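Q: I have a structure I would like to understand better, so I am pasting it below and will then ask my questions one at a time.
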Amino acid sequence: MIQNKSYDIAVIGGGSAGLASALKVRSAGLSVVIIERDSKLGGILNQCIHNGFGLNYFKEELTGPEYAKRFIDKVKNEDIEVLLNTTVLSISDNFKIKCMSNQGLININAKSVILATGCRERPAGAINLCGDRPSGIISAGSAQRIVNLQGKMIGKNIIVVGSGDIGLIMARRLRFEGANVLGVYEVLPYPSGLKRNIVQCLEDYNIPLYLSKTVVEVVGKNRVEGVYVAPVKKDFSFDLEKKEFIKCDTIILSIGLVPSNELALDFGITQNKITGGCEVDEYLQSSIPGIFSCGNSLHVHDIVDNVSREAERAGENSAKFVKELLNLKTKHKITFGKGLKYINPSFFYEEDGILTLNFRSSNIFKNADIVVKTQDKEIRRISKKVILPAEMENVILSKKDLTNDILVYIEEK
């Protein structure tokens, strides 16, 4: 069976970004559909049963499912169609979307598309994990799903490789369930997760964090029996003379997230080589006019509140595109220099209003300045006591005097 449907805007992904952007589109009076491959809305939030969500957006502390439910309830109260158990196969010219559901093929015609496809975890192959290949090696997100949604334990003596936020949260969660969490091993000289998670998930539960130290070999026949860990030198080579054996039965990998952007790549949308997301302008519009990107499919965020706000901007601007209200005149480039890992957006347009720049630092900086320049003119300098790679920074600029390309960098005092 083949169905044909038409909407003003199609939102691909029913997580926090997809929900927020669809609600914004509907508030503009346009028809919108959310396409979600899972059996329910909410995305990764459904398995995040810990609290700490919504402090900025709702001004109260919620669990992941509670945060998602706030948006899901709003979607149910609006005239927003939701297609669950539906996978997008392709996007073609003129925003024609081909989907497959458990009821057959669906062809969707839209006037604009919002990509809110989220992100995925890096696998063991991303760090060339050496040694045997026994069972007991699992990503932090998969561990979270098994423990929180399926009610099953994954091991007794556990180490965590990488200090990403999900790994930190799962270290605490597994300690709650009686597991012996032996430590978190981070190849970098600084943690990858938020400071609050280092404190609340590790320090408060006496779980050790080892910086510049990582797993260099896995040992085990059918199940993990242990690992060799070794210090990491400044050039990121391993000091194998100091390696030591740690007996364990489970390895959790928390080695980073990457945007899920296969659809955008297949459609020929320009990708940001650093983030893996789409390259966008200040309206969150990709290199193909009418296709917008937001949330973790654009770049990996540290808190969901920022995902929701960014997604609302994408929904608002997608609606403006359909109504032909976007002001796309003189376009300027935004680049970054010393101290930055990446910056979003990549372009802005000359007009009144404000420009918000989001970026991450490439290292830890203390008592440094964030500097914004246009040609040889400095237009903004912000002093910071500490700048951390794990925490996203932002700079808000007035656009009335921005008539040239922008360069952003960090200057140490």
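Q: Anything in the range 60-90 that is without any contact (Cβ under 8 Å) to a residue 40 or more places away in the chain and either over 14 Å from GLY15 (Cβ atoms) or hydrophobic (A, V, I, L, M, F, W, C) (or both)? List them, or say none.
A: GLU60, GLU61, LEU62, THR63, GLU66, ASP73, LYS76, ASN77, LEU89
Q: Does ARG196 satisfy the criteria of being basic (Lys, Arg) and under 19 Å from ASN363 (Cα atoms)? Lay out the reasoning, then the answer.
A: On the way: basic (Lys, Arg): yes; under 19 Å from ASN363 (Cα atoms): yes.
Against the criterion (basic (Lys, Arg) and under 19 Å from ASN363 (Cα atoms)), ARG196 qualifies.
One line per residue, one yes/no per condition, for (1) at pLDDT below 95; (2) of a type in the set (Lys, Arg); (3) part of a helix (DSSP H, G or I):
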site: TYR283; (1), (2), (3): no, no, no
site: PHE292; (1), (2), (3): no, no, no
site: ASP305; (1), (2), (3): no, no, yes
site: ARG309; (1), (2), (3): no, yes, yes
site: GLU312; (1), (2), (3): no, no, yes
site: ASN327; (1), (2), (3): yes, no, no
site: ILE334; (1), (2), (3): no, no, no
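Q: Still on this structure: Given SER192, SER163, which one is open to solvent by less than 40 Å² (accessible area, probe 1.4 Å), among the polar types (S, T, N, Q) and within 28 Å of MET392 (Cβ to Cβ)?
A: Values: SER192 fails: open to solvent by less than 40 Å² (accessible area, probe 1.4 Å).
The unique qualifying residue is SER163.
Q: Has the range 247-268 got at least one residue that is among the small types (Gly, Ala, Ser) and either in a strand (DSSP E or B) or in contact with a Phe, Trp or Tyr (Cβ under 7 Å, 6 or more places away or on another chain) (or both)?
A: Of the residues in the range 247-268, the ones among the small types (Gly, Ala, Ser) are 254, 256, 260, 264, 268.
Now drop any that are not either in a strand (DSSP E or B) or in contact with a Phe, Trp or Tyr (Cβ under 7 Å, 6 or more places away or on another chain) (or both), which leaves none.
No, because not a single residue in the range 247-268 is among the small types (Gly, Ala, Ser) and either in a strand (DSSP E or B) or in contact with a Phe, Trp or Tyr (Cβ under 7 Å, 6 or more places away or on another chain) (or both).
Q: Do we have any residue at all in the range 52-60 that's buried (at least 24 other Cβ atoms within 10 Å of the Cβ) and modelled with pLDDT of 95 or more?
A: Looking only at the range 52-60, we keep the residues that are buried (at least 24 other Cβ atoms within 10 Å of the Cβ), and these are 53.
After this cut, where a residue has to be modelled with pLDDT of 95 or more as well, the list is 53.
Checked against the condition, which is being buried (at least 24 other Cβ atoms within 10 Å of the Cβ) and modelled with pLDDT of 95 or more, the range 52-60 yields at least one hit.
Q: Return the residue satisfying two criteria in turn: it lies in the range 210-252 and is open to solvent by less than 10 Å² (accessible area, probe 1.4 Å) and under 30 Å from GLY295 (Cβ atoms), and of such residues it is nearest to the chain's Cα centre (by Cα).
A: ILE252
Q: Next question, about the same structure. Taking the range 113-129 as the search range and keeping residues that are modelled with pLDDT of 90 or more and assigned to a loop (DSSP other than H, G, I, E, B), which one is surrounded by the most Cβ atoms within 10 Å (Cβ to Cβ)?
A: At the first step, the residues of the range 113-129 found to be modelled with pLDDT of 90 or more are 113-122.
From the residues that got through so far, the ones that are assigned to a loop (DSSP other than H, G, I, E, B) too are 116-118, 122.
Values: ALA116: 33, THR117: 29, GLY118: 22, ARG122: 17.
Looking at the filtered set, the residue picked out is ALA116.
The values are calculated or read from the model by the stated rules, or taken from the named source; none is laboratory data. Just so we're clear, the structure is a prediction, and the values are computed from it rather than from any experiment. Counting neighbours? That spans all protein chains shown, and the Cβs are built from the backbone with ideal geometry, glycine included. In case anyone asks, the SASA skips ligands and DNA or RNA and just uses the protein heavy atoms, side chains included. Shrake-Rupley method; radii C 1.70, N 1.55, O 1.52, S 1.80 Å.
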